[in-house]
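To start, the structure itself, in structure tokens.
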Protein chains: 2
Amino acid sequence: MRRVVHPPAEQINLAEVLSALGDPIRLEIVKVLSDGREHVQPDFVVPVGQSTLSYHMKTLRDAGIVFSRPEGTRCFVSLRAELEQKFPGLLAAVLRSTRPSAAERA
Amino acid sequence: MRRVVHPPAEQINLAEVLSALGDPIRLEIVKVLSDGREHVQPDFVVPVGQSTLSYHMKTLRDAGIVFSRPEGTRCFVSLRAELEQKFPGLLAAVLRSTRPSAAERA
DNA sequence: ACCTATCATCGACGATTATCGATTAAGGGG
DNA sequence: CCCCTTAATCGATAATCGTCGATGATAGGT
């Protein structure tokens, strides 16, 4: 795999994080990652082509939300731990809001 | 004031809320509103012109984050209560993340 | 060496965004 | 009535975004 870049933790900023989370496809990706384990691209079942998925991964990576670990021909993606350090409870609140109960609460 | 429209609570959706919050200027507006009181546009000190501020207000309104109450020649803006009903703790987590301590936690 | 799999990058495209200045709408106040 | 204030809307513009198909990079397998 080509090497990917991750921003240093100190330059993760809230607006960019929220902006990155403000997309249904990226929200779905984060939801899958919320089991705390590593996933590869085929794990995310989203209605876009491979290159677009890769673009969304880069967006999440650039925002400091996910960490990509290339290994061999695959790329393992997981939630980035520094996010919780920096914005405690934020991701949890977002994930709670994605659950069906939130939709019913109309 | 011209009349403004608010989306019904049941069609407030998470991605749009996060997307609306994913902008430094709108984040600042929400921060000011977090005192729970009503505010008028001049209360928000942001580095944009009046028409742009009005545009950001509309974005927040369309996302279901703020409520605008026209009265006479002014327009009183406040956080929309339904947001907390629908996504409990979300706004609180975001606001906590805007505090300086979050930046230090690099 | 060659083929295959996985994923990043490129070039293109239409759609959306953030911005401005100017205008319009609506409501006071003299 | 005629101004003044507040804020929404309009038209324009440059920049960014989300998408695609095609190509490139890297590693494994045979």
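The values are calculated or read from the model by the stated rules, or taken from the named source; none is laboratory data. Keep in mind it's a predicted model, so treat the numbers as computed, not measured. Heads up, the Cβs are rebuilt from the backbone with ideal geometry, glycines too, and the neighbour counts pull from every protein chain shown. Ligands, DNA and RNA are stripped out before the accessible areas are found, and what is left, the full protein with its side chains, is counted by its heavy atoms. Shrake-Rupley method; radii C 1.70, N 1.55, O 1.52, S 1.80 Å.
Taking each residue of segment B:64-84 that is within 17 Å of B:GLN41 (Cβ to Cβ) and near DNA strand D (Cβ under 8 Å from one of its atoms) and looking for partners that are in a strand (DSSP E or B) and open to solvent by 60 Å² or more (accessible area, probe 1.4 Å) with beta-carbon atoms closer than 9 Å, six or more apart or interchain, yields B:CYS75/B:ARG69; B:PHE76/B:PHE67; B:PHE76/B:ARG69; B:VAL77/B:PHE67; B:VAL77/B:ARG69.
Restricting to segment B:48-64, name every residue that is more than 7 Å from DNA strand C (Cβ to nearest atom) and either over 22 Å from B:GLN85 (Cβ atoms) or away from chain A (no Cβ under 14 Å) (or both). It would help to see each step written out before you state the result.
Within segment B:48-64, the first condition is being more than 7 Å from DNA strand C (Cβ to nearest atom), and the residues that meet it are B:53-54, B:57-58, B:60-64.
Of everything in segment B:48-64, those that are more than 7 Å from DNA strand C (Cβ to nearest atom) and either over 22 Å from B:GLN85 (Cβ atoms) or away from chain A (no Cβ under 14 Å) (or both) turn out to be B:LEU53, B:SER54, B:MET57, B:LYS58, B:ARG61.
Taken over segment A:4-35, the criterion of being touching a Ser or Thr at 6+ places or on another chain (Cβ under 9 Å) and at the interface with chain B (Cβ under 7 Å from one of its Cβ atoms) is satisfied by A:LEU14, A:LEU18, A:SER19, A:LEU21, A:GLY22, A:ASP23, A:LEU27.
Considering only residues that are out of contact with any Gly (no Cβ under 7 Å at 6 or more places or on another chain), under 13 Å from B:VAL30 (Cβ atoms) and among the small types (Gly, Ala, Ser), look in segment B:70-95 and name the one that is most open to solvent (accessible area, probe 1.4 Å). Across segment B:70-95, the extreme among qualifying residues is B:ALA92.
Scanning segment A:8-34 for residues that are more than 15 Å from A:LEU95 (Cβ to Cβ) and either among the hydrophobic types (A, V, I, L, M, F, W, C) or open to solvent by less than 20 Å² (accessible area, probe 1.4 Å) (or both) returns A:ALA9, A:ILE12, A:LEU14, A:ALA15, A:ILE25. Among the numbered conditions (1) in contact (Cβ under 8 Å) with a residue 12 or more places away in the chain; (2) within 13 Å of chain B (Cβ to nearest Cβ), the only one that A:PRO88 does not meet is (1).
Please work out if B:ARG37 is under 25 Å from A:PRO88 (Cβ atoms), touching a residue at least 24 places away in the same chain (Cβ under 8 Å) and open to solvent by 20 Å² or more (accessible area, probe 1.4 Å). So B:ARG37 fails the test.
For the residues A:THR98, A:THR59, the requirement of being surrounded by 16 or more Cβ atoms within 10 Å (Cβ to Cβ), within 16 Å of DNA strand D (Cβ to nearest atom) and among the hydroxyl-bearing types (Ser, Thr, Tyr) singles out A:THR59. Within segment A:1-23, the set of residues being near DNA strand D (Cβ under 9 Å from one of its atoms) and in contact with a Lys or Arg (Cβ under 9 Å, 6 or more places away or on another chain) comprises A:MET1, A:ALA20. Taking helices (runs of 4 or more DSSP H) as the structural unit, those lying wholly within segment B:7-106 and holding at least 2 residues that are closer than 24 Å to A:ASN13 by Cβ and at pLDDT 95 or above correspond to B:14-21, B:24-33, B:50-62, B:90-98.
Just checking, which of B:VAL5, B:VAL40, B:VAL77 is under 11 Å from the mean Cα position of the chain (by Cα) and among the β-branched types (Val, Ile, Thr)? Talk me through it step by step, then tell me what you get.
Numbers: B:VAL5 fails: under 11 Å from the mean Cα position of the chain (by Cα); B:VAL40 fails: under 11 Å from the mean Cα position of the chain (by Cα).
Of the residues listed, the single one that is under 11 Å from the mean Cα position of the chain (by Cα) and among the β-branched types (Val, Ile, Thr) is B:VAL77.
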